[in-house]
Amino acid sequence: MKKTLYILILFLSVFSCNSQVPAQFSEVALNDMFVTLDGDDIAFNNILKAQSNQTIVIDIWASWCGDCLKGMPKVKALQKSYPDASYVFLSLDKNQEAWKRGIKKYKIKGNHYFMKSGWDGPFGEFVKLDWIPRYMVVDTQGNIKLFKAIKADDDNIKQSLK
């Protein structure tokens, strides 16, 4: 009995520490630099500020990503169902030219930024980026309402937007 209890306590302590989802972006993630469509650098914090007083849906994607492209019709449906939200697209394309071509080719409406630091930069590390597409929802106060979804029709996204 003692052995079983010990194993249960060990299991809970190890896995409960790793399951915490942040409610706020870290300072280093907020200071990570992105690129605007005009070619200017912008800190992630300023991207959030530009959408102040709106719920934000973040879509981390790339034009070379098959799963991202398969999800775009679902993103467009989400935009139609929740037009009051702001949609921020963060690109992991290999270069800015490919990123801009992808936006135009797939007619993606929203606020677009290129992830200058890539997968392993401060923002990517903070969100534990391991797969794209990746969706997040941020509330009007800048709090993270949904930390991770990998499908645009995930019910958790819809719940976070209500």
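Here are a few things to note about the model shown:
- Sites Lys158 and Ser26, calculated FRET efficiency, Cβ-Cβ separation with R0 22 Å, nearest 0.05: 0.25
- A helix-only calculation puts the chain at -12000 deg cm²/dmol for mean residue ellipticity at 222 nm, using -39500 (n - 2.57) for each DSSP H run of at least four residues, averaged over all residues.
- Distance in nm between pseudo-label sites at Ser52 and Lys105 (7 Å out along the Cβ direction from Cα): 3.8 nm
- Subtracting the Cα-Cα distance of Asp130 and Asn143 from their residue separation scaled by 0.36 nm leaves 2.5 nm.
- Mean separation of Cα contacts under 8 Å, 6 or more apart, over the residue count of the chain: relative contact order %: 28 percent
- Other residues with beta-carbon under 13 Å from the beta-carbon of Leu37 carry, at +1 per Lys or Arg and -1 per Asp or Glu, a net charge of -1.
- Only helices reaching 30 angstrom along their own axis (Cα) with mean Kyte-Doolittle hydropathy no lower than 0.5 count here, and not one DSSP H run of the chain does.
The numbers here are math on the coordinates, done by the rules we state, and not lab data. Fair warning: this is a prediction, and the values are worked out from it, not measured in the lab. Every residue, glycine as well, gets a Cβ built from its backbone with ideal geometry; the counts of neighbours run over all protein chains shown.
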